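J.: Just passing along the structure, written as structure tokens.
The values are calculated or read from the model by the stated rules, or taken from the named source; none is laboratory data. Just so it is clear, the model here is predicted, and its values are computed rather than measured. Cβ atoms come from the backbone with ideal geometry, glycine included; neighbour counts cover every protein chain shown.
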Protein chains: 2
Amino acid sequence: MFRYGRRLLHTSRSIQAQKSLTPLTSEKITNIKRSDKFKQLEQSDIDYFRTVLTSNNVVHDEELNPEQSTMTPYNTDFFNLHRGASKLCLFPTETSQVSKILKYCNEQKLAVVPQGGNTGVSGGQNPVFDEIIVNTSKMNKIRSFNDISGIAVVDAGVVLESLDNYLAPLGYTVPLDLGAKGSCQLGGNVSTNAGGLRLMKFGSLHGSVLGLEVVLPDGTIMDNLSTLRKDNTGYDLKQLFIGAEGTLGLVTGISIMTPRKPKSVNIAMLALDSFEKVQEAFVMAKEDLSEILSGFEFWDRESMELVKRVMLQDKEYPIEAKSKFYALLETQGSRQEHDQEKIDAYLTRLMETEVAHDGVMAQDEKQTTALWQWRERIPEAIVKSGTAMTYDVAMDVQLLYKMVGDVKDHYRERGLLGDDNVYKNVIGFGHIGDGNLHIMANIPDHDYKVQKDMDGFVYDWAIKHNGSITAEHGIGVAKVNYMTRCKTDVQIRLMQSIKNSIDPNGIMNPYKVVPGVL
Amino acid sequence: MFRYGRRLLHTSRSIQAQKSLTPLTSEKITNIKRSDKFKQLEQSDIDYFRTVLTSNNVVHDEELNPEQSTMTPYNTDFFNLHRGASKLCLFPTETSQVSKILKYCNEQKLAVVPQGGNTGVSGGQNPVFDEIIVNTSKMNKIRSFNDISGIAVVDAGVVLESLDNYLAPLGYTVPLDLGAKGSCQLGGNVSTNAGGLRLMKFGSLHGSVLGLEVVLPDGTIMDNLSTLRKDNTGYDLKQLFIGAEGTLGLVTGISIMTPRKPKSVNIAMLALDSFEKVQEAFVMAKEDLSEILSGFEFWDRESMELVKRVMLQDKEYPIEAKSKFYALLETQGSRQEHDQEKIDAYLTRLMETEVAHDGVMAQDEKQTTALWQWRERIPEAIVKSGTAMTYDVAMDVQLLYKMVGDVKDHYRERGLLGDDNVYKNVIGFGHIGDGNLHIMANIPDHDYKVQKDMDGFVYDWAIKHNGSITAEHGIGVAKVNYMTRCKTDVQIRLMQSIKNSIDPNGIMNPYKVVPGVL
């Protein structure tokens, strides 16, 4: 369910193969300069890394043409929006190797960028200049699982879906689920504080992660891999690394609580006339479905039509077409007949009060998959339609969709909106339960001015409305220039102080997240 | 429900009035010395504070006899286990006053201890020497509540139960519930990362707290009072202050997510033959009750008999007497008939499989209250029986009760266990859902050697079994000497580094939590 990510990934890969590569990040974000304090990579460094790793785990390429360099898959992201110029990617297979690598880099003042499944969309996992990439893909063991407590201890490079597949026959599942499930790794999930589709029910990683093993910038291994549900002995250090995007250390191991697999899962799709009705339907779902409500997604007509036009031409709309909004809700419970009764009552109330004017409920797995497609293929549809911008803002639910209208008005007034124009396919969808909107649009290829203009409008709007410029994607390099606008001086100073005290040489993922530390 | 705290508080207060005060903490924990770097309080300091606060909000008393000093209620804790010698307690009414106080103390090198409802049991909220107490009791406004999102923004001094009472008519409730509910304050809850009775369902404060307002040691106000469910803009700074026990700053405001009040609540009590059967009953509850299971408490026969003997002499046992273990489970759901069906099926299965040999379910509120008494009055019963030691360890559920047997064996072998002996009424109970055991015992009044011996045995045992020496009570001053044993050098160094970078003068709650920073 909700597996659009893997498809999106493949689509994106093939699009990358056809389209030209995006310009270098350093050519686009021109106010960020390479810091002189970092050494340039030398042959002696590579020689050292070859003593730590076997030769197949050191990818080194001095080729300058990115179309030919073997480094390109690590230097670029899936959306083809960020590109660095690293010449070295290291693949440690165990924590002690990560420790040796970071110790050496810290001594030699070599900058490092940690990378997992390379599915991030803010450029956090790609170099900005020539940082050495340390990729965790080959650290992928499930270290232990306790089938009474449901606590798993895993390597950072374990793919989220692999863990889920491992847990399924044992009656457990992962507490987070996101588009990139088939590629993203748990270390990256933790480092970006990934949210995803189950957050409403299972909460954030700040709650489900019980412990971390982190290699600090000087190579010290911090073993904080607790498997205890509660532990109040001193500062909760792991919290610092959750969402730090690899700027404070490299996460190598994760202890995570996993919930039981639900015995009954149901989904229903609704057609609604306005965003106010989407909110009403959500409030009623919290009242009527309460403990079994596990997700509530919404999207607009433009998203629905785009999916029909680009992805599902030969499919009938499963629900009334031309509705202004659609919603898909999911329940997870332990007794099908109880859940069914609750959903029946909820849907009946929705129709009687005219909050929704149409609703369908999946009766089997095939129908479930068919319904999900209309939601899950939205990002894929827009990526297939051209270079795509993707945003994930958070704000008060009441304001959530207003942004989409305002973006359209803004570009319509300037004569820049429309099918044959600069900004097209402006669509909005998201996780209403979390106050999280995804807004996407197609723009001309590699027009960074156009991209920057939309960034500015969206981020300004979010900041002005007390929202967040990123609910889950993170800051990376893409939004670092906005940090001083969305955080107070005190917050920035505190972040700088933490960064400087843990990474005094600044080697870990420089130019990102915290401004003013280089 | 679960309101033993308020009663315990009153009992404890009256016990304190009758019993002599505990010796000074500095006389008991002799390896902690007053740091010379802190200035002694001078008249000019008091004069300054009187320009910041109105005179009724400055309590100053140079009286040395604690039986006569008006400072005694702030210098001592409820369990009468910790006592400091502060001569000044300040009661700011707003954040700007806290800012002025800390700025001044930081400049003058005056040490400070933050205090809320003074319900902590590790001495974290009491001075060790002459630290100035900054008490948040008079900062008690509910700043805002959004009845669509359920997000409340409150002053640090709001009492947990007051917030719950405010929320109840609006259909919401607080996500944590603990013994001291009637006295403890949200600022203190956050600073100690309080767990309590609903953690199993609603998770920890690291998840429910969305934002904090904190006055940093130099007086700077960090306004991080986000009301967003998701926000990934940089480091999640609030996490640092959750559970820091006031050593990094003083929490003045909290933004917290509150859940809907459940429509149906049920409780059942079980009698079980062994701790293995308690675990089986818990696993079966997770299977059968799943999404509605909100709490699962257990206690031993000795706890039950102590409550009968000391508190409920005239009451009949509600369930088979002389059972080795008892459990009380709670469900919260949205439909009474569904919940009832699930519980019936669960209880039937328990009896048929002979996991439990007796079970009762409350049929109305009166019965609910009656059943809860047997669990909720345990701490009160032991406090009424003499000076009481209280521990809260966490470990793998399978090991949870073994500690109680080992403690008894240890003292029995040394001839120190029994009704007319040094260690008596050794009992165990706790939150099985969180792997959290409370072990309590009565010891002779003010015998610190006896206390220290039991501390040593319990903490060593927990550390040896990969457990935590404190699941929820925190380190405070009581356990700071054990920190270097339960944390690695790397963890201690990282804590020191964070402490030093945020509080370079070390004025915030010194001698506590992080060893080696003075």
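Yes/no per residue for (1) within 27 Å of A:A478 (Cβ to Cβ); (2) touching a Ser or Thr at 6+ places or on another chain (Cβ under 7 Å); (3) in contact (Cβ under 8 Å) with a residue 40 or more places away in the chain:
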residue	(1), (2), (3)
A:G84	yes, yes, yes
A:K87	yes, no, yes
A:T95	no, yes, yes
A:V98	yes, yes, yes
A:N106	yes, no, yes
A:T136	yes, no, yes
A:I142	no, no, no
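J.: Could we say that B:D300 is more than 21 Å from B:L176 (Cβ to Cβ), over 24 Å from the mean Cα position of the chain (by Cα), modelled with pLDDT of 95 or more and not assigned by TED's automatic domain parsing to the domain that holds B:Q115 here?
T.: No, not satisfied.
J.: Additional query: Within the range B:438-449, restricting attention to residues that are crowded, with 19+ Cβ neighbours inside 10 Å and touching a Pro at 6+ places or on another chain (Cβ under 9 Å), which residue is farthest from the other protein chains (Cβ to nearest Cβ)?
T.: Among residues in the range B:438-449 that are crowded, with 19+ Cβ neighbours inside 10 Å and touching a Pro at 6+ places or on another chain (Cβ under 9 Å), the one farthest from the other protein chains (Cβ to nearest Cβ) is B:M440.
J.: Which one is nearest to B:F241 (Cα to Cα), of the residues in the range B:498-518 that are surrounded by fewer than 18 Cβ atoms within 10 Å (Cβ to Cβ) and among the small types (G, A, S)?
T.: B:S501
J.: Right, here's the next one. Give me a count of the residues in the range B:108-134 that are aliphatic (A, V, I, L, M), touching a Ser or Thr at 6+ places or on another chain (Cβ under 8 Å) and assigned to a strand (DSSP E or B).
T.: So the answer is 3.
J.: Looking at the range A:65-74, can you tell me whether even one residue there is within 30 Å of A:G253 (Cβ to Cβ), modelled with pLDDT under 95 and buried (at least 18 other Cβ atoms within 10 Å of the Cβ)?
T.: Scanning the range A:65-74, I find no residue that is within 30 Å of A:G253 (Cβ to Cβ), modelled with pLDDT under 95 and buried (at least 18 other Cβ atoms within 10 Å of the Cβ), so the answer is no.
J.: Return the residue satisfying two criteria in turn: it lies in the range A:405-433 and is touching a residue at least 24 places away in the same chain (Cβ under 8 Å) and either among the small types (G, A, S) or assigned to a helix (DSSP H, G or I) (or both), and of such residues it is surrounded by the fewest Cβ atoms within 10 Å (Cβ to Cβ).
T.: Among those residues, the one meeting the criterion is A:D406.
J.: Just name the residue that is nearest to the other protein chains (Cβ to nearest Cβ) out of those in the range A:252-292 that are polar (S, T, N, Q) and within 22 Å of B:Y172 (Cβ to Cβ).
T.: My answer is A:S290.
J.: Considering A:V307, A:V360, A:V393, which residue is assigned by TED's automatic domain parsing to the domain that holds A:K408 and among the β-branched types (V, I, T)?
T.: After applying the criteria, what remains is A:V393.
J.: Residues of the range A:319-336 being away from chain B (no Cβ under 14 Å) and under 30 Å from B:E341 (Cα atoms), which ones?
T.: A:L328, A:L329, listed by residue number.
J.: Looking at (1) within 12 Å of chain A (Cβ to nearest Cβ); (2) part of a loop (DSSP other than H, G, I, E, B); (3) touching a residue at least 40 places away in the same chain (Cβ under 8 Å), which is the one condition that is false for B:I498?
T.: (2)
J.: Given the criteria over 22 Å from the mean Cα position of the chain (by Cα) and either within 30 Å of A:D339 (Cβ to Cβ) or basic (K, R) (or both), does B:L210 qualify?
T.: When the stated conditions are applied, B:L210 does not pass them.
J.: Is it true that A:V383 is surrounded by 20 or more Cβ atoms within 10 Å (Cβ to Cβ) and within 21 Å of the chain's Cα centre (by Cα)?
T.: yes
J.: Of all residues in the range A:114-144 being aliphatic (A, V, I, L, M) and crowded, with 20+ Cβ neighbours inside 10 Å, which is nearest to the other protein chains (Cβ to nearest Cβ)?
T.: A:V121
Quick grid of which residues meet (1) in contact (Cβ under 8 Å) with a residue 12 or more places away in the chain; (2) more than 22 Å from B:K109 (Cβ to Cβ); (3) within 9 Å of chain A (Cβ to nearest Cβ); (4) hydrophobic (A, V, I, L, M, F, W, C):
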{"position": "B:G196", "(1), (2), (3), (4)": "yes, yes, no, no"}
{"position": "B:L205", "(1), (2), (3), (4)": "yes, yes, no, yes"}
{"position": "B:V215", "(1), (2), (3), (4)": "yes, no, no, yes"}
{"position": "B:N224", "(1), (2), (3), (4)": "yes, yes, yes, no"}
{"position": "B:T227", "(1), (2), (3), (4)": "yes, yes, yes, no"}
{"position": "B:N232", "(1), (2), (3), (4)": "no, yes, yes, no"}
{"position": "B:E245", "(1), (2), (3), (4)": "yes, no, yes, no"}
{"position": "B:L250", "(1), (2), (3), (4)": "yes, no, no, yes"}
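J.: Quick one: which of B:S274, B:S191 is at pLDDT 95 or above, in the same structural domain as B:S294 (by TED's automatic domain parsing) and of a type in the set (G, A, S)?
T.: From the options B:S274, B:S191, the qualifying one is B:S274.
Yes/no per residue for (1) within 10 Å of chain A (Cβ to nearest Cβ); (2) over 25 Å from B:G179 (Cβ atoms):
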| position | (1), (2) |
| --- | --- |
| B:V407 | no, no |
| B:L417 | no, yes |
| B:Y423 | no, no |
| B:N436 | yes, no |
| B:A471 | yes, no |
| B:V480 | yes, no |
| B:T484 | no, yes |
| B:G506 | no, yes |
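J.: Further, regarding this structure: Among the candidates B:D460, B:D453, which residue alone is buried (at least 17 other Cβ atoms within 10 Å of the Cβ), in a helix (DSSP H, G or I), away from chain A (no Cβ under 14 Å) and of a type outside the set (V, I, T)?
T.: Only one candidate qualifies: B:D453.
J.: For the range B:145-253, give me every one of the helices (runs of 4 or more DSSP H) that falls completely inside it and has 3 or more residues that are surrounded by 24 or more Cβ atoms within 10 Å (Cβ to Cβ).
T.: By residue number, B:186-192.
J.: I'm checking my understanding of the structure. Among residues of the range A:492-518 that are polar (S, T, N, Q) and touching a Ser or Thr at 6+ places or on another chain (Cβ under 9 Å), which one is nearest to A:T25 (Cα to Cα)?
T.: It comes out as A:N509.
J.: On to the next question. Examine the range B:464-472 for a residue that is surrounded by fewer than 21 Cβ atoms within 10 Å (Cβ to Cβ) and either in the same structural domain as B:L21 (by TED's automatic domain parsing) or free of Cβ contacts under 8 Å to residues at least 40 places away in the same chain (or both), and state whether such a residue exists.
T.: Yes, because at least one residue in the range B:464-472 is surrounded by fewer than 21 Cβ atoms within 10 Å (Cβ to Cβ) and either in the same structural domain as B:L21 (by TED's automatic domain parsing) or free of Cβ contacts under 8 Å to residues at least 40 places away in the same chain (or both).
J.: Tell me which of these A:Q491 doesn't satisfy, since it passes every other one: (1) within 14 Å of chain B (Cβ to nearest Cβ); (2) in contact (Cβ under 8 Å) with a residue 12 or more places away in the chain.
T.: The single condition A:Q491 does not satisfy is (2).
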